[in-house]
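The values are calculated or read from the model by the stated rules, or taken from the named source; none is laboratory data. Remember, it's a predicted structure, so these values are computed and weren't measured experimentally. In this analysis, Cβ positions are derived from the backbone assuming ideal geometry, glycine residues included, and neighbour counts consider all displayed protein chains. Keep in mind that these areas ignore ligands, DNA and RNA; they rest on the heavy atoms of the full protein, side chains included. Shrake-Rupley method; radii C 1.70, N 1.55, O 1.52, S 1.80 Å.
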Protein chains: 2
Amino acid sequence: MGRSEHRGGIQLPVTPTTLADVAERAGVSRQTVSNAVNKPDLLRPDTLERVRQTIAELGYSPNRAARNLRTRTSSLIGLRFTPTQEGTANAAMDRFVHSLVEASEEAGYAVLLFAADDEDPVGGYDNLLRSTAVDAFVVTDTYLGNPQATWLTQQRAPFVAFGRPWDDDAARHVWVDVDGAAGTRLATQHLIDRGHTRIAWIGWRKDSPIGEDRRSGWLTTMHDNGLPTTGLASRVEDVVHSGAEAAAVLLDESAPTAFVCASDTLAMGVLHTLWIRQLAPGRDIAVVGFDDSQVAQVYPVGLTSVRQPLEDVAVEIVRTLRQLLSHQPVETRGVLLEPTLAIRESS
Amino acid sequence: MGRSEHRGGIQLPVTPTTLADVAERAGVSRQTVSNAVNKPDLLRPDTLERVRQTIAELGYSPNRAARNLRTRTSSLIGLRFTPTQEGTANAAMDRFVHSLVEASEEAGYAVLLFAADDEDPVGGYDNLLRSTAVDAFVVTDTYLGNPQATWLTQQRAPFVAFGRPWDDDAARHVWVDVDGAAGTRLATQHLIDRGHTRIAWIGWRKDSPIGEDRRSGWLTTMHDNGLPTTGLASRVEDVVHSGAEAAAVLLDESAPTAFVCASDTLAMGVLHTLWIRQLAPGRDIAVVGFDDSQVAQVYPVGLTSVRQPLEDVAVEIVRTLRQLLSHQPVETRGVLLEPTLAIRESS
DNA sequence: GGCGCTCGTTGGATCGATCAAGGGGGCAGC
DNA sequence: GCTGCCCCCTTGATCGATCCAACGAGCGCC
């Protein structure tokens, strides 16, 4: 019974209203109220109306715990929250999380965040899974040989990865990703359209498949346009000063008129070098970054940058998750989305 | 019973292990197993050991839904996730959320994210509260006259606000905040120590209490040091070009040698103006921002910025929440934490 | 009018944990 | 040897929803 008490003149519920309260008040049984909530078309219209009105009067909401217990679902999606690394510009998590929360909410899910210590990469997942605290996971950090995807697959836990299983052909899980090569193709073609012919690449070290993917977009576009690439590429760590150094070396040795970078962080390094050499970004030398981070948006000159469609990624992930959870056959094993180019003054 | 089946040679649990399974296997009752988990000191050491071993053998984790139903708690903290506005540098959410997740986890809580449409600001809160989906809330957007805090107080819902109830003296809720004035005092004193005497302020419009607070730190420090402030302050919108314009006007009219800004976004505007006028940040003109955003960190020159102790804020919030939830008297109604200054080349 | 069928409704059982009492064994005291 | 007491553990009830099987009213058909 939803008891209540008077306090300070306002009637406040002490125990929340239950299904039984509504049933009694509306003069029907519990099951009928449950049906009114979950399968409205089973009720006669007038009964439905009456029950709904009672629900509104009493301000009833189904108790999550009870529902979860009975249905063995939680309507929660687990996401391990990995913060942006300090000193880099890649703030994709912020935008992605928001998109995921919104997309989930429309599908009736909420997002549960958890952390995980580095010693035990699957610890957090294991806990939530065994205690049936979440229905599914979204895995974001699909770096080379990451253990989470493999482990979750073994456990037959439903999950969708944001990111391709680059190395592992045997991986049978579902993923959504953004076509990085298409992004750098966009960037490179954009620069070619502006008349540039000597376009340099600054990317990540070779052991990053994401970096190599992005690099390939630059490479193929240059080749397709019959433009030179020798001496115009550099692979460094993803920190600002590495980008700056690489830009300095490339400027000295190969005289490029434009740079395509694997990240906004590296692009910032390039801009730094330009600034030191009194070169104007966009006028003297063009620069394009990757991720459309806040840095790209608020940098005084305005950094042109490849923008990942994170909203679409989130929608796609939730759509796929729903298929997985409803035991429908999943249409496609992987979905690749096209990024766009946010053009600003630097190019 | 935790049934299991053979598939692919590996034994996989179909139904998770329950308390009863453990009890049967260990030769004790359900309650004893429950006590072994929750009140270990009630058991005889040898029994405890035996039960614990059985729990480990079977890989048992308590079912969250069942526990939640019985105890009327969820071990979840609700947080409305508001993404960073595009075009601004204030990415505090990212760092704060991570800190909150970590602090919560140590206290046995997880963070539940939800969105809310602007039409119904309390909609998300209401749903989660009535369905007893979360134990408490963390409210971050305590702007002037925000309805959430008031509403939650009325509902007697446990929550802690990140941010002071500026306008509302009647607000009786608990809060944790960062002392913005102390931050700008740090920044201003830092510039004075470097020999600057004409230090300008660029802040937000007057209707922002946070902005006025930060402004007061600059003002008092200037006065305390007997330095002039007339003609050296400007209040604009929190976008880059407004900051740039304000800097231009101030430079022309009052010839400051340093700027203290209410945000990194505005500081970026100042740097833009300096760049246009060929003035070197840090050498010709000093600039200090606020929030220590990624922009400040990766900007080529390195922007000195006030850094909010978000990790400490999160810890303090969780500590306070636990007091609230355990019905202990809360020690203090509000906690004010001191920011630090991240000094870089721009000053 | 009776039969069978459909649709809506009903009471009981169930999910898996914790709460609140109740029971049994061992040890000390007389 | 019996009683009393305490400690440790067990048993039945409960949280609030949904699933299940069965029941009842209304209707059409013969």
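Kindly state which helices (runs of 4 or more DSSP H) lie completely within segment B:105-216 and contain at least 1 residues that are over 22 Å from B:Arg307 (Cβ atoms) and touching a residue at least 12 places away in the same chain (Cβ under 8 Å). It would help to see each step written out before you state the result.
Working: elements: B:123-130, B:147-154, B:180-193.
The helices (runs of 4 or more DSSP H) meeting that bar are B:123-130, B:147-154.
Conditions (1) buried (at least 18 other Cβ atoms within 10 Å of the Cβ); (2) farther than 30 Å from A:Arg72 by Cβ; (3) within 13 Å of chain B (Cβ to nearest Cβ), marked per residue:
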| site | (1), (2), (3) |
| --- | --- |
| A:Phe259 | yes, yes, no |
| A:Pro281 | yes, yes, yes |
| A:Val287 | yes, yes, yes |
| A:Ser293 | yes, yes, yes |
| A:Pro300 | yes, yes, yes |
| A:Leu303 | yes, yes, yes |
| A:Arg307 | yes, yes, yes |
| A:Ala314 | yes, no, yes |
| A:Leu336 | no, yes, no |
I'm checking my understanding of the structure. Among residues of segment A:99-117 that are among the acidic types (Asp, Glu) and more than 8 Å from chain B (Cβ to nearest Cβ), which one is least open to solvent (accessible area, probe 1.4 Å)? A:Asp117
Of all the residues that make up segment A:36-48, how many are more than 6 Å from DNA strand C (Cβ to nearest atom) and either open to solvent by less than 60 Å² (accessible area, probe 1.4 Å) or closer than 21 Å to A:Asn63 by Cβ (or both)? 6
Answer from A:Asp179, A:Asp120, A:Asp141, A:Asp168 - the residue that is surrounded by fewer than 20 Cβ atoms within 10 Å (Cβ to Cβ) and at pLDDT 90 or above: A:Asp179
Please list, ordered by first then second residue, the pairs with beta carbon atoms under 8 Å, 6 or more apart or interchain, first in segment B:22-49 and away from chain A (no Cβ under 14 Å) and of a type in the set (Gly, Ala, Ser), second open to solvent by 60 Å² or more (accessible area, probe 1.4 Å) and within 8 Å of DNA strand C (Cβ to nearest atom). B:Ala23/B:Arg30
If I go through segment A:21-67 residue by residue, how many of them are within 12 Å of DNA strand D (Cβ to nearest atom) and among the acidic types (Asp, Glu)? 2
Would you please name the residue that is modelled with the lowest pLDDT, looking only at residues in segment A:305-342 that are touching an Asp or Glu at 6+ places or on another chain (Cβ under 8 Å) and in a strand (DSSP E or B)? A:Gly334
Sole exception among (1) within 11 Å of DNA strand C (Cβ to nearest atom); (2) more than 13 Å from chain A (Cβ to nearest Cβ); (3) β-branched (Val, Ile, Thr) for B:Thr17, by number: (2)
Within segment B:233-253, residues crowded, with 22+ Cβ neighbours inside 10 Å and touching a strand residue (DSSP E or B) at 6+ places or on another chain (Cβ under 7 Å) come out as B:Gly243, B:Ala246, B:Ala247, B:Leu250
If A:Arg156 satisfies every condition in (1) surrounded by fewer than 21 Cβ atoms within 10 Å (Cβ to Cβ); (2) charged (D, E, K, R); (3) more than 8 Å from chain B (Cβ to nearest Cβ) but one, which is the exception? (3)
Quick one: which of B:Gln189, B:Gln148 is open to solvent by 30 Å² or more (accessible area, probe 1.4 Å) and out of contact with any Gly (no Cβ under 9 Å at 6 or more places or on another chain)? B:Gln189
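Residue-wise test of (1) among the aromatic types (Phe, Trp, Tyr); (2) part of a loop (DSSP other than H, G, I, E, B).
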site	(1), (2)
B:Phe259	yes, no
B:Leu266	no, no
B:Thr273	no, no
B:Arg283	no, yes
B:Val288	no, no
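Which residue is nearest to the chain's Cα centre (by Cα), if the candidates are limited to segment B:56-74 and must be within 12 Å of DNA strand C (Cβ to nearest atom) and open to solvent by less than 30 Å² (accessible area, probe 1.4 Å)?
Among residues in segment B:56-74 that are within 12 Å of DNA strand C (Cβ to nearest atom) and open to solvent by less than 30 Å² (accessible area, probe 1.4 Å), the one nearest to the chain's Cα centre (by Cα) is B:Asn68.
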Among the numbered conditions (1) more than 19 Å from A:His196 (Cβ to Cβ); (2) under 28 Å from the mean Cα position of the chain (by Cα), tell me where A:Ile276 comes up short. (2)
